[in-house]
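The values are calculated or read from the model by the stated rules, or taken from the named source; none is laboratory data. Fair warning: this is a prediction, and the values are worked out from it, not measured in the lab. Cβ sites come from the backbone with ideal geometry, for glycine too, and all protein chains shown count toward neighbours. The area values use the complete protein model at the heavy-atom level, side chains included, leaving out ligands, DNA and RNA. Shrake-Rupley method; radii C 1.70, N 1.55, O 1.52, S 1.80 Å.
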Amino acid sequence: ENYDHILVERCFPENSDVVGGGVGVITLHRPKALNALCDALFEDLIHAARVLDEDDDIGCIVITGSGKAFAAGADISEMSKREFANAYKTNMFSQWADITKMSKPIIAAVNGFALGGGCELAMMCDIILAGSKAQFGQPEINLGVIPGAGGTQRLVRAIGKSKAMEMVLTGNRINAQEAMDAGLVSRVIDSELLLEEAVKMGYGIAEKGGVAVRMCKEAVNAAEEMTLSEGLRFERRMFHSLFATRDQKEGMSAFLEKRKPNFTNE
Ligand code: HXC
């Protein structure tokens, strides 16, 4: 596939016959605008994510940005022309949430600016890895608006009210280490190694059983939506259902036979 604003690559571990062991890497690529998320870019992104989500050779997706940004937010020049009635009637930016509908895990490898919609996109992913030069912020307040794709919601759940409130009210950015300390990201990795490490983590996930992987993602994400007792029930029912998969038989037999499991994602 050819896209105008993103690059897509399918990566596979060397000398491996793991079923569905590949990692799809999507690179946001509008370097002149710090990968600002114009409508056309987001359309490309959703399309590519869907194609990779349906690709049986791929077990995990990585989203990263080219140059010194992950994404510097929604495209301000495009957005500046919008009016209320049209924004409301078309539910502007609601399509971004399609990223959260992918069933395979998505790792955000944030190598630079993740601002506004860029930070929100990272938070729609399942794991955020920060390169040492990463910066996160919700600067919408400086433009006379507020975050519109999770910056007042997912950020609060990720780092708590006070820190999130400070970020959205001041527009100040936090660096990789601060994001790590706050619990926004799971690791800080040397910038040079970030993508390589993200893909390596992706391979590690892709070699597990694909049904269980998807259920992990679904159950963890349910924790943000449900009460504890509902969530525990949901988790237990999913756990039970995995005993209907071949991968459960294989995984447990392999352990008992002291060998590596050959998951077939069934
Ligand atoms: C459009 C952008 C852009 C953006 C940068 N550019 N961010 N274009 N939309 N969000 C463009 C600049 O206009 C410039 O183009 C080029 O990218 C390089 O940017 P500079 O500002 O020259 O770079 P630098 O001095 O290094 O500063 C980097 C920066 C700054 C701190 C990231 O660019 C910045 O503050 N950007 C805006 C960040 C922001 O406010 N994001 C939130 C957007 S609102 P030219 O042509 O001049 O070279 C949002 C709402 C989300 O995201 C709602 C979701 C539903």
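Checking the condition of a type outside the set (A, V, I, L, M, F, W, C) and touching a His at 6+ places or on another chain (Cβ under 7 Å), which residue from ARG30, ARG10, ARG50 passes?
ARG30
Test ASP44 against the criterion of being of a type outside the set (Lys, Arg), surrounded by 14 or more Cβ atoms within 10 Å (Cβ to Cβ), assigned to a loop (DSSP other than H, G, I, E, B) and away from the ligand (no atom under 14 Å from the Cβ), and give yes or no.
Details: of a type outside the set (Lys, Arg): yes; surrounded by 14 or more Cβ atoms within 10 Å (Cβ to Cβ): yes; assigned to a loop (DSSP other than H, G, I, E, B): no; away from the ligand (no atom under 14 Å from the Cβ): yes.
Answer is no for this residue.
Among the residues of the stretch 1-10, which ones are surrounded by fewer than 18 Cβ atoms within 10 Å (Cβ to Cβ) and not acidic (Asp, Glu)?
Within the stretch 1-10, ASN2, TYR3, LEU7, ARG10 meet the criteria.
Would you call GLN138 under 30 Å from GLY202 (Cα atoms), buried (at least 20 other Cβ atoms within 10 Å of the Cβ) and within 13 Å of the ligand (Cβ to nearest atom)?
Numbers: under 30 Å from GLY202 (Cα atoms): yes; buried (at least 20 other Cβ atoms within 10 Å of the Cβ): yes; within 13 Å of the ligand (Cβ to nearest atom): yes.
Yes; evaluated as a whole, the condition is true for this residue.
Only one of these conditions is not met by GLU197: (1) open to solvent by 90 Å² or more (accessible area, probe 1.4 Å); (2) over 30 Å from MET79 (Cβ atoms); (3) within 18 Å of the chain's Cα centre (by Cα). Which number is it?
That leaves (1) as the condition not met.
How many residues are charged (D, E, K, R) and within 7 Å of the ligand (Cβ to nearest atom) when one looks only at the stretch 69-115?
Counting residues in the stretch 69-115 that are charged (D, E, K, R) and within 7 Å of the ligand (Cβ to nearest atom) gives 1.
For every residue, the table says whether it meets (1) of a type in the set (Gly, Ala, Ser); (2) under 15 Å from the mean Cα position of the chain (by Cα); (3) closer than 15 Å to ALA97 by Cα.
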site	(1), (2), (3)
ALA114	yes, yes, no
CYS119	no, yes, yes
CYS125	no, yes, yes
GLY150	yes, yes, yes
ARG157	no, no, no
GLU166	no, no, no
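Matching residues to (1) out of contact with any Cys (no Cβ under 9 Å at 6 or more places or on another chain); (2) open to solvent by less than 50 Å² (accessible area, probe 1.4 Å); (3) free of Cβ contacts under 8 Å to residues at least 24 places away in the same chain; (4) within 16 Å of the ligand (Cβ to nearest atom):
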position	(1), (2), (3), (4)
GLY148	yes, no, no, yes
ALA158	yes, yes, no, no
ALA176	yes, yes, no, yes
VAL188	yes, no, no, no
ALA212	yes, yes, no, no
VAL220	yes, no, no, no
GLU257	yes, no, yes, no
